[in-house]
Structure formats: C-alpha cells, structure tokens
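Inspection log for the structure reproduced underneath, given as structure tokens.
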Amino acid sequence: MSLRPSAAKAVGPRHPVALAPSLLSADFTDLRAACRLAERAGAEVLHLDVMDGRFVPNLTFGPLVVEAVRRSTDLFLDVHLMVQDPDPLLAAFRRAGADGLTVHAEAVVHLERTLESIATLGARPGVALNPSTGEAALDYVWDVTGLVLIMTVNPGFGGQSFLAPVLEKVRRLRAEAERRNWPGHLEVDGGVDPHTAPSVVAAGADLLVAGSAIFGQPDPVAAAAALRQAAAAWTAAR
Ligand code: DX5
Ligand code: ZN
C-alpha cells in the first residue's frame, strides 16, 4: 500500500517536527544511559509507555520507574497511559515527574473531567485515540487538550507495522486543529520509521514517537538523525 498522500490533502505540521523516542525499546538495565542517548539524539521529548495488562495485553511500569527516569533527565516526560480508568493514578504519575499525561479516550468514562484533573495537577493533558477510534471523540474537549496522540498501531507492543489507513485521520485532525486555531501538538505513535515518517508529517503530525526506529537500532543517535532527516523530507512526499 502506498503511504503517499495525495497532493491536495497534504497539509503538513504547524510546529517544527519534534522527536519523542519511546523508552519501551530501550535497555531497561540502564535507563540513565537511555536518557543520555535521547538527549544526545536531540530529542525534544521522552515518551514513556505505561501499560496495565487490562486496557492493553501487556504490562510495563508505574510511577516508580517514571520517578527514576525523572531523576535521570531534564527532558519533557510524555507519559502515555495505556490504562483502563486511569483517574486514581494521575496524581501519582504527576508526583513522579510526568510533564504530560495522555489518556486513551476509550479508557475513561468522563473524558473532559479527566483532562481537567490533569491540567489541575499542572501537567499537559493529552488524548490518545486507537486506530479504530474516530476523531469525533475530540469534539467537545479541544479546549482542555494540549496534545492529541494518534495511534498508528494497536497499542500494547513496540515493533508493530504502521497502519497506513490512519493517515486519513491525521489529515482530518490537522484540518480541524487549523480550523480551531488549536495550539497543541498532533503526535503519532506506532511504526514510525524513516520510511513512514514523511507521510506522517505530510498528513499534519508534528511530534513523532519512535521506539524500535531509535532505541531498537545499533546506534540510536544516528538513527534519530536519520528519522529527523526523513521527516524533514515530508514536502517531497506531497
Ligand atoms: C505502543 C506504544 C508505542 C511504542 C511504539 O503501544 O504506545 O509508544 O513504543 O513502538 P514502535 O515505534 O516500535 O512502533
Ligand atoms: Zn506510546
């Protein structure tokens, strides 16, 4: 399947494109070294994947590990909560040092209230959408959302294949964000690599999560540079 969007639909990002290496593919025996690599790679953000074994069929880590990462780096900690009913845990993740807390629209009952709680805790509220979730989930919460995370794989594991049909949703969300003059970030997560990045950016994403394409490579710093270079070629993908 071609990843190339049609010229008419390519809109591109509003902000300069930023990289968010996902710690999920890093060496967990040395998280401090992983943080150093992300810093040396010029990452703008560090992406932390919290999985609960319920919302997704995998378990990762909780606030204790986020706190250890916090003590290892000053990078913005972008915490992606793949957690069913995350409300009771939000304060603990914020105390641990999360700068952004992103919840799945599918995992909360009162999305607006959850986003308000995150803002009250002093973190950036984010909404994540599974590949099969429509963008209408955002309809009444744009004003309390600082980031929209668009999953381009079904969440739960690193190293999965990019779901190209989701590019259409990225384009729609970018158009809606422009229409509303919304100042937040559109983040894409899952299967982002130098091959898929130009189409992702051409569709309007400005924050790229990458696990295997960065930490899964022999030289993560060089891999991040290659990804950034590919992302910068998005105009060529139009
Ligand atoms: C998957 C996680 C991702 C994951 C991406 O559920 O949300 O952040 O680390 O991994 P890659 O980049 O390998 O697809
Ligand atoms: Zn993630």
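The values are calculated or read from the model by the stated rules, or taken from the named source; none is laboratory data. Given the structure is predicted, the values throughout are model-derived calculations rather than measurements. All Cβ positions, even for glycine, are placed from backbone atoms using ideal geometry, and neighbour counts span all protein chains on display.
Against the definition (under 13 Å from the mean Cα position of the chain (by Cα), part of a helix (DSSP H, G or I) and within 16 Å of ligand 2 (Cβ to nearest atom)), how does VAL209 come out, yes or no? Reasoning before the result, please.
Numbers: under 13 Å from the mean Cα position of the chain (by Cα): yes; part of a helix (DSSP H, G or I): no; within 16 Å of ligand 2 (Cβ to nearest atom): yes.
No; evaluated as a whole, the condition is false for this residue.
Residue check: is ASP49 acidic (Asp, Glu) and either free of Cβ contacts under 8 Å to residues at least 24 places away in the same chain or not in a strand (DSSP E or B) (or both)? Step through it out loud before you land on a result.
Working: acidic (Asp, Glu): yes; either free of Cβ contacts under 8 Å to residues at least 24 places away in the same chain or not in a strand (DSSP E or B) (or both): no.
Judged against the criteria, ASP49 is not a match.
Please state which one of ALA43, ALA20, ALA96, ALA92 is among the small types (Gly, Ala, Ser), within 13 Å of ligand 2 (Cβ to nearest atom) and under 24 Å from VAL127 (Cβ atoms).
On the way: ALA43 fails: within 13 Å of ligand 2 (Cβ to nearest atom); ALA96 fails: within 13 Å of ligand 2 (Cβ to nearest atom); ALA92 fails: within 13 Å of ligand 2 (Cβ to nearest atom).
Answer to the check: ALA20.
Among (1) within 16 Å of ligand 2 (Cβ to nearest atom); (2) assigned to a helix (DSSP H, G or I), where does ALA223 come up short?
Single failed check for ALA223: (1).
Tell me, please, whether a residue that is among the aromatic types (Phe, Trp, Tyr) and surrounded by fewer than 21 Cβ atoms within 10 Å (Cβ to Cβ) can be found in the range 21-41. So that I can check it myself, show each step before the final result.
At the first step, the residues of the range 21-41 found to be among the aromatic types (Phe, Trp, Tyr) are 28.
If we keep only those that are surrounded by fewer than 21 Cβ atoms within 10 Å (Cβ to Cβ) as well, we get 28.
Among the residues of the range 21-41, at least one is among the aromatic types (Phe, Trp, Tyr) and surrounded by fewer than 21 Cβ atoms within 10 Å (Cβ to Cβ), which makes the answer yes.
Does the range 132-144 include one or more residues that are surrounded by 19 or more Cβ atoms within 10 Å (Cβ to Cβ) and either touching a residue at least 40 places away in the same chain (Cβ under 8 Å) or in a loop (DSSP other than H, G, I, E, B) (or both)? Spell out the reasoning first.
The first filter runs over the range 132-144 and keeps only residues surrounded by 19 or more Cβ atoms within 10 Å (Cβ to Cβ), leaving 138.
Filter once more, so that each one left must be either touching a residue at least 40 places away in the same chain (Cβ under 8 Å) or in a loop (DSSP other than H, G, I, E, B) (or both): none.
No, because not a single residue in the range 132-144 is surrounded by 19 or more Cβ atoms within 10 Å (Cβ to Cβ) and either touching a residue at least 40 places away in the same chain (Cβ under 8 Å) or in a loop (DSSP other than H, G, I, E, B) (or both).
Using the structure shown, decide if VAL170 is at pLDDT 95 or above, in contact with a strand residue (DSSP E or B) (Cβ under 6 Å, 6 or more places away or on another chain) and in a helix (DSSP H, G or I).
On the way: at pLDDT 95 or above: yes; in contact with a strand residue (DSSP E or B) (Cβ under 6 Å, 6 or more places away or on another chain): yes; in a helix (DSSP H, G or I): yes.
For VAL170, the condition - at pLDDT 95 or above, in contact with a strand residue (DSSP E or B) (Cβ under 6 Å, 6 or more places away or on another chain) and in a helix (DSSP H, G or I) - is met.
Looking at (1) within 24 Å of ARG70 (Cβ to Cβ); (2) touching a strand residue (DSSP E or B) at 6+ places or on another chain (Cβ under 6 Å); (3) surrounded by fewer than 22 Cβ atoms within 10 Å (Cβ to Cβ); (4) not basic (Lys, Arg), which one does ALA92 not meet, given that it meets all the others?
(2)
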